[in-house]
Amino acid sequence: MVIDEKCNVNQIIEILHETVAGLEQQKKLLSQAAAGKPTLKKMQWNPKLRTSQYNQQEQQEIQSSCNNQTCPYGSFNKQEQEQHGPLPEQKINNAGMDRTNESGRGNGKAANYRIVTETQYDYPEANEQETNNNRNYDDGYDCDEECCPSENNNPGVWLKKSKNPRQSNANTESTAAASNEAVVSKPALILPQNYADYAPVNRNSARQAWIENTDAVKERKVGLIELHPDVFAAQPRVDIIQENIEWQRKYRYVSMAHAKTRAEVRGGGRKPWPQKGGGRARHGSIRSPLFKGGGVSHGPRSPTTHFYMLPFYKRVLGLTSTLSVKLAQDDLHIIENVEIPTRDAQFIKDLIQERNWGPSVLIIDKQDIFPENICYATDQLGYVNLMPAFGLNVYSMLKHDTLVLTVDAVKHLEQRLLYQLHRNDAISKGGKFKLDQV
């Protein structure tokens, strides 16, 4: 049993009782081993072990056994022992102690007892992988004689047994690897801003925002991200925001209003009356704009486009101004990712209600392919929309009350906007827009 952050008091007391029982069992085995003159089977040098980990009786047994040339590593002197430290564990083979094998059945052979004098609780500074290696090096491995410690202080290499290997803990290793990957994928507690590439105009206006979770309805702060002032703390130019809104409304608008001219109106092919002699004004057709039911002069003709291109840096400043306004009004939220545990739309409804995200929400991610669960959950919700980062615009941000960005989307937007604000060829972007430009 391993002590972690989630252990309660009862579990800690249970671990302490198990540790005391193990120490008493080791003491009993040591006393029996001393009476039966045990023979060392395996030993491994470990420079990390301290002399205080072993009592004087163990050291004397190890030294006497090695002096009698019973150590499988060969003879070694006192200087090597002081250099490497005491031996981490030893196996005692005593026929009078127990006659059961690993499966619990008697086989008439002496059982191997391992006296563990180093535990994972002795060295809290050592990582878990090192502790597992030191603790389980005897499970299913044999030592190669050529690799055992000798005069050159080689720590030795443990080789896999060719016959009857013990079952490895593959499931535990795979679970630990998966948990390590999960921990790595999560954002850090604080994501600082790197000002090396693009220095802000004013560092005093730095902004920070919490990173929220999406795996549960209840809000939980999983980190803190630092936002670049030039993107999320820019001066809010309301005039530029209004120009962006007007441009987005008009540039895609095509008018289909159409009025017929005198040539397109049905009828009016003959001259209504003679040119002279009638005393009436001269006319050539009853479909003239002067007549009722006639054609329209200078009327609207379809299709009529209202397309025009807003200057480049007005578009860039429109994005930075809108992002800054959203953050200042507390309408911008940053989430860890867009992974939700279910595809039920009720989860999104409860999430929005719990966190007061407003009546309409726009969720932005870096990628244009969203996870399956959030697509199904928001499919029937007209007030929740998904959008990739490259499609973010001023009109959509103002149309929705709440703007939700992922961490990847924030980094991507900062990178693209800062590049445009600090590019060297900015003057080339100020020219007149051409329809055939790339």
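For the pair K260/D401, report the inter-label distance in nm, with labels modelled 7 Å from Cα in the Cβ direction.
It works out to 5.0 nm between the two label points.
Give me the distance between the Cα centres of the range 399-432 and the range 279-349, rounded to whole Å.
Here the two parts' Cα centres lie 22 Å apart.
About the Cα centre of the range 327-417, how large is the charge dipole given +1 on each Lys and Arg Cβ and -1 on each Asp and Glu Cβ? Please answer in debye to the nearest 20. Working shown, then result.
On the way: 7 positive and 14 negative charges, 47 e Å.
That gives a dipole near 220 debye.
With charges set only on the Cβ (+1 for Lys and Arg, -1 for Asp and Glu), what does the dipole of the range 240-368 come to about its Cα centre, in debye to the nearest 20?
2280 debye
Give K218/K399; K349/K429; K314/K411; K221/K314; K218/K326 a once-over and call out the pairs whose C-alpha atoms are over 32 Å from each other. All intermediate terms of the calculation are to be shown ahead of the outcome.
Details: K218/K399 26 Å; K349/K429 43 Å; K314/K411 22 Å; K221/K314 35 Å; K218/K326 23 Å.
Distance filter (> 32 Å) returns K349/K429; K221/K314.
Ranked highest first by average number of other Cβ atoms within 10 Å, how do 250-261, 405-416, 233-244 line up?
405-416, 233-244, 250-261
Projected onto the charge dipole of the range 284-390 (+1 at Lys/Arg Cβ, -1 at Asp/Glu Cβ, origin at the Cα centre), which of S302, V361, I348 gives the Cα projection farthest towards the positive end?
Result: S302.
Under the 0.36 nm per residue contour assumption, what length would be gained going from the current alpha-carbon distance of R423 and L435 to full extension?
Gain on extension, R423 to L435, equals 2.0 nm.
Once phi is turned into ³J(HN,Hα) by the Karplus curve 6.51 cos²θ - 1.76 cosθ + 1.60 with θ = phi - 60°, what whole-Hz value does each residue of the range 417-425 show in order, with x for glycine and proline?
Using θ = phi - 60°, the values come out as 5, 5, 5, 5, 6, 10, 6, 7, 9 Hz.
Ranking request for peptides 372-381, 319-328: highest mean number of other beta-carbon atoms within 10 Å first, then the rest in descending order. Intermediate results must be reported in sequence, preceding the final value.
On the way: 372-381: 15.3, 319-328: 21.2.
Ranking the peptides 372-381, 319-328 by packing returns 319-328, 372-381.
None of the figures in this text is laboratory data; all of them are computed from the coordinates on show. Please read all numbers here as calculations on a predicted model, not as lab measurements. Neighbour counts are summed over all protein chains in view; Cβ atoms, including those assigned to glycine, are modelled from backbone coordinates with ideal geometry.
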